[in-house]
1. Mind listing the Cα extents of the range 104-154 along all three principal axes, in Å, largest one first?
2. Any idea which of Leu73, Met57, Ala96 is furthest toward the positive side of the dipole for the chain, if Lys and Arg beta-carbons carry +1 and Asp and Glu beta-carbons -1?
3. Please compute one quarter of the surface area of the Cα convex hull for the range 186-230 and express it in square nanometres.
4. Tell me, what is a quarter of the convex hull surface for the C-alpha atoms of the range 22-85, in nm² with one decimal?
5. Over the chain, one equal point on each Cα, no solvent: what is log10 I(q)/I(0) by the Debye formula at q = 0.08, 0.12, 0.13, 0.15 Å⁻¹?
6. Whole number please: convex hull volume per residue, Cα atoms of the range 155-230, in Å³.
7. With +1 on each Lys and Arg Cβ and -1 on each Asp and Glu Cβ, how big is the dipole of the range 110-168 about its Cα centre, in debye rounded to the nearest 20?
8. Under unit Cβ charges (Lys, Arg +1; Asp, Glu -1), what dipole magnitude, rounded to 20 debye, does the chain have relative to its Cα centre?
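All of the numbers you see were taken from the coordinates with simple rules; none came from a lab. From a predicted model like this one, the values you see are computed outputs, not experimental measurements. Please note: Cβ atoms are built from the backbone with ideal geometry, for glycine as well, and neighbour counts cover all protein chains shown.
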Amino acid sequence: MAQSTKTQTENRPTPTIEDYLAIMYVMERDGDEVIAARLAESLEVSPPTVTVTLKRMERDGWIASDQGKDIRLTPKGCEAAGTVIRRHMLTEWMLARMLKVPWSRLHAEADQIEHTISDEIETQMRTNLDDPQLCPHGNPLPGYEHVAADWHPLTGVQPGQKVIIRRIHETAEDNPELLVFLETNGIVPGALAEVSEVLSFNQTLSLQVGSQKVALGLLTAKYIFVEKVS
Ligand SMILES: [Zn+2]
C-alpha cells in the first residue's frame, strides 16, 4: 500500500522538513528573524541537528541563506510550508467537527496526520469544511492573514476594557498544558472577557471570563489575541 502513494509524494518534503518549513513560515509571517537557535528550541532538537537539516534544506531549494545567516524560505519552500499549515488546520477542524476531539487536543493530533494528506483529500476537506479562514484556535490559514490583522495581544489591553478572545497564537498551541488551562477556563475564540487588573511588577494580569477571574502571566497573555469591544 505504501508504494502506491509514492509517486504522489515524491516532490513533497519529508515530515521533518515540513515541520521546519511550517515554523519558519510563522516566524517570517510575524516578522521574526529565522534563527537556528529558535528552531532548535521550537522543534526540541539539538542545534547541530538544526544546522545539518538547514544545509539539506538549502541544497534541496526549500530555503536560501547567506552562509547560514539571514535564512529565508524560497518561493518553493513558502508554498510547501503553506500547504502543510493549511492541511494541519483543516485536520484540526475535521477532528473537532466529526470526531468531537477536545479543543486542547486538536493541535497535537493534527500534528501527526498533517503529513499524510494528499492534494485530493485536502480539496475535499476544504469543501466539506466550508473553506475555513481560521483554525479552531483562531490562527489564519495561509493567504487569510488579513482576517487576523486587527486583533491585538492581550498584553496591550488596558484594565476595564471588554474584549472578545479571537486567537491563541501557534507558539501557545505547542504547549498542551497551556491549552488545557485555557480550555478549562473558557479562554477560547469567541469568548467575551474583560481585563480586570494588570500587575506589571508581578508580570501578570487578571481576566474576567464569565463568572471566573483568571490570572495569566504576561508571557502567556502575549500569545492571546483579542478584539476590543465597546
Ligand atoms: Zn490551530
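1. Taking max minus min along each principal axis of the Cα atoms, the range 104-154 gives 36, 23, 15 Å.
2. Ala96
3. 3.2
4. The number I arrive at for the range 22-85 is 4.0 nm².
5. Evaluating at q = 0.08, 0.12, 0.13, 0.15 Å⁻¹ gives log10 I(q)/I(0) of -0.33, -0.72, -0.84, -1.07.
6. Spelled out: Cα convex hull of the range 155-230, divided by residues, is 79 Å³.
7. Charge dipole, the range 110-168, about its Cα centre: 520 debye, nearest 20.
8. 220
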